[in-house]
Amino acid sequence: MLSLLSLATLGALASAKVLTRRFDENAVKHSWYEVPKGWAHYQEAPKDHEFDMRISLKQHGYDDLINHLLEISNPSHERFGNHLSKEQIAELTAPHPDSLEVFHDWLSFHDIDASTLKTESTGGDTFTIRVSVAQAESMLDAKYAFYHHEASDDYVLRTMSYSLPKALSGHVDLVTPTTYFGTTKAMAKGAITQDDIPAIESDPFAPVAIDAAVPTSCNTVITPACLIGLYNLTGYVPQAADKNKLGVAGYLEEYANHADLATFATKFVSGKALNFSTITVNGGKDDQSDPGANLDIQYTVGLTYPTPNIYYSTGGSPPFNPDSQTPTNTNEPYEAFLLFLLNQTTIPQVLTTSYGDDEQTVPQDYAERVCALFAQLGALGTTVFFSSGDFGVGGGDCKTNDGTNKVLFQPAFPASCPWVTAVGGTSKTNPETAVSFTGGGFSRYFATPDYQKTVVDSYVTSLGTKYNGLYNKTGRAYPDIAAQGSGFQVVIGGRTSSVGGTSASSPTVAAVFSLLNDVRLASGKTSLGFINPWLYSNLTSGLNDITSGSNPGCSTSGFSAAKGWDPTTGLGTPDFAKLKTLVVA
């Protein structure tokens, strides 16, 4: 007769074999054909090098979350404006118990103590755990190395491919850092200094008088007075500054400078005592000697004063030292910041971000997971704006990165996420026209959402066979809206420069909609939240349709502006006076 000890030993062995059977058959989650453009292999990663691995489990109620989001964002629905609470979001984003069970079994299989997990989300669907390179390579059937980004001199720990056991299929959405090579320093920010547009040292038209015509100088240079006149903001004074907030997301180790804002106020905003606060995220700093993020703050604050503005400074890479025992900062843009924001007690009602990547450079699993985080913000009542990019229908050679080198239009992410509001660019006045660099097109990851399908299908039909095969006719189309994007007067290091890019357009639109939130909050209503379904229905009459211009790229003339929606300026530019009436109707 076998002893109880022998039986226990046999049971443990049997259990181990079951675990082996469950986790020894892998499926590739994502892989690259070649090292992403701009990056180069630097050196192999030491096996004992440690880093924090983030694991995101499937959210059991995600489909329900999206249904809630669309109902509360639909002006025709009885639930319109009834945003979800953090507790409701947590319930909808929690993983299924089966997912937790198989996840913990997988950790146990790799001798990882589940008690060391750190929960990063209110729903308990996202965790971080400290692992060595050797452990990560075993868990993910991966080969980690350090890679160098020459343009930004950034170094990251990444792998060209990773796999998960088939037993985890449908349970784990994403593991990072793995194959997404984007970093806070390597991301593109579109703001460019326009030396061909002479800067001005002051604005004689600030502030614009009620009913004053837009100054002719605004055809070339843009100041707050130009935007106030163009978008019909004249005379509005915020009434709900005690409730309303506007957030500006900052990456790239760029900072917003208080001294430059004061100079900007003296020159362009009649000397108002403008101010903002800074919140640091994930090791971010507030270096007042590096004023790289002045454009966003100077125009959001300048247009919305005295509404509180918050600059979120998200950390970049620490000094590179592959032999250090200090764990590597995984340096993932978006995800760390969004998880931080979703964990806060209060969140700004408007958030603007002027950064992005070519969609094809972002692994689809990463893009989908980050897009789902934006959906949570919308459901909580925050309007999320992203610049649409500055390369028309695509920059560079527009070749695909899957080994085929096929030339295709290159959409931008996160602008292509259906749960954000993408902002294109215009120039000139009377009339405005699409600025030539304005990013716009059709996602190859996300399908056309119902809220825009009618107008997008109409535009696609009007194209006929033009550009067949170069774009995805059934993809999420962007931008949704637009604003001026060229010749912005910005104070940088005490001097005024002309700056352009849709990274100027996004904070401009964010400021207008922050003031619309002010109108609603002062009227006892809720914040706007996710506005796209409203934009494409009731709010269209509050927008200025842009019908001229195009966005060349990929050796083509790009898409052309047209009556109604188009992939250069979306539905048009905002008319605050008209929208102010519509948002409280």
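The values are calculated or read from the model by the stated rules, or taken from the named source; none is laboratory data. Quick caveat, the model's predicted, so the values are computed rather than measured. Please note: Cβ atoms are built from the backbone with ideal geometry, for glycine as well, and neighbour counts cover all protein chains shown. Ligands, DNA and RNA are stripped out before the accessible areas are found, and what is left, the full protein with its side chains, is counted by its heavy atoms. Shrake-Rupley method; radii C 1.70, N 1.55, O 1.52, S 1.80 Å.
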R0 of 30 Å, Cβ-Cβ distance residue 130-residue 44: FRET efficiency to nearest 0.05
0.90
Qualifying trypsin sites (Lys or Arg not before Pro) for the stretch 354-437 [loop in DSSP, other Cβ within 10 Å: at most 13]:
406
Answer with one residue from 529, 547, 306: the one whose Cα lies farthest towards the positive end of the charge dipole of the chain, charges on Cβ with Lys, Arg +1 and Asp, Glu -1.
547
Angle in degrees between helix 450-463 and the longest Cα principal axis of the chain, rounded to the nearest 10:
70 degrees
Along the charge dipole of the stretch 411-499, pointing to its positive end and built from +1/-1 on Cβ of Lys, Arg, Asp and Glu, which listed residue (418, 452, 442) has its Cα farthest out?
442
Neighbour count of at most 14 Cβ within 10 Å plus DSSP loop: longest GluC sites (Glu not before Pro)-free window in the chain:
202-585
To the nearest 10 degrees, how steeply does helix 4-23 sit against the main Cα axis of the chain, on a 0 to 90 scale?
40 degrees
The stretch 112-173 - percent relative contact order, Cα under 8 Å, separation 6 or more
20 percent
About the Cα centre of the stretch 324-439, how large is the charge dipole given +1 on each Lys and Arg Cβ and -1 on each Asp and Glu Cβ? Please answer in debye to the nearest 20.
220 debye
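Please state the shape class of the stretch 64-198: rounded when a/c is under 1.5, otherwise prolate if a/b exceeds b/c and oblate if not, all from the C-alpha gyration tensor.
oblate
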Give me the one-decimal Kirkwood hydrodynamic radius in Å for the stretch 31-140, with the sum taken over alpha-carbon pairs.
17.0 Å
Stokes-Einstein translational diffusion, the stretch 489-567 - Kirkwood Rh over all Cα pairs, 1.567 mPa s, 4 °C, in µm²/s
82 µm²/s
With +1 at each Lys and Arg Cβ and -1 at each Asp and Glu Cβ, the charge dipole magnitude of the chain around its Cα centre, to the nearest 20 debye, comes out at 1040 debye
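In µm²/s, what is D for the stretch 448-492 at 10 °C and 1.306 mPa s, where D = kT/(6 pi eta Rh) by Stokes-Einstein and Rh is the Kirkwood radius from Cα pairs?
Stokes-Einstein gives a translational diffusion coefficient of 122 µm²/s.
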Calculated FRET value between residue 202 and residue 25, using beta carbons and R₀ = 56 Å, to 0.05
0.20
Taking r as the C-beta separation of residue 405 and residue 143 and R0 as 25 Å, the FRET efficiency to the nearest 0.05 is 0.55
With every protein chain kept in place and ligands, DNA and RNA left out, what is the accessible area per residue of the chain? Probe 1.4 Å, answer in Å².
39 Å²
Find the relative contact order for the chain and round it to a whole percent, using C-alpha pairs within less than 8 Å whose residues are 6+ positions apart.
17 percent
Work out how much length residue 584 to residue 115 would gain on full extension: take 0.36 nm times their residue separation and subtract the Cα-Cα distance, in nm to one decimal.
163.9 nm
Under 29 Å between alpha carbons, and skipping anything fewer than 8 positions from residue 580 in its own chain: which lysines qualify?
86, 243, 245, 267, 272, 428, 453, 525, 563
Can you give the local net charge around residue 311? Use residues other than it whose beta-carbon is closer than 11 angstrom to its beta-carbon, Lys and Arg +1, Asp and Glu -1.
-3
If you line up the long axis of helix 97-109 against the longest principal axis of the chain, both from Cα atoms, how many degrees apart are they, to the nearest 10?
60 degrees
Percent antiparallel among DSSP beta bridges with both residues in the chain, to the nearest 5?
65 percent
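Counting alpha carbon pairs within less than 8 Å and at least 6 residues apart, what relative contact order, in whole percent, applies to the stretch 387-490?
Numbers: 179 pairs, mean separation 36.1, N = 104.
Relative contact order comes out at 35 percent.
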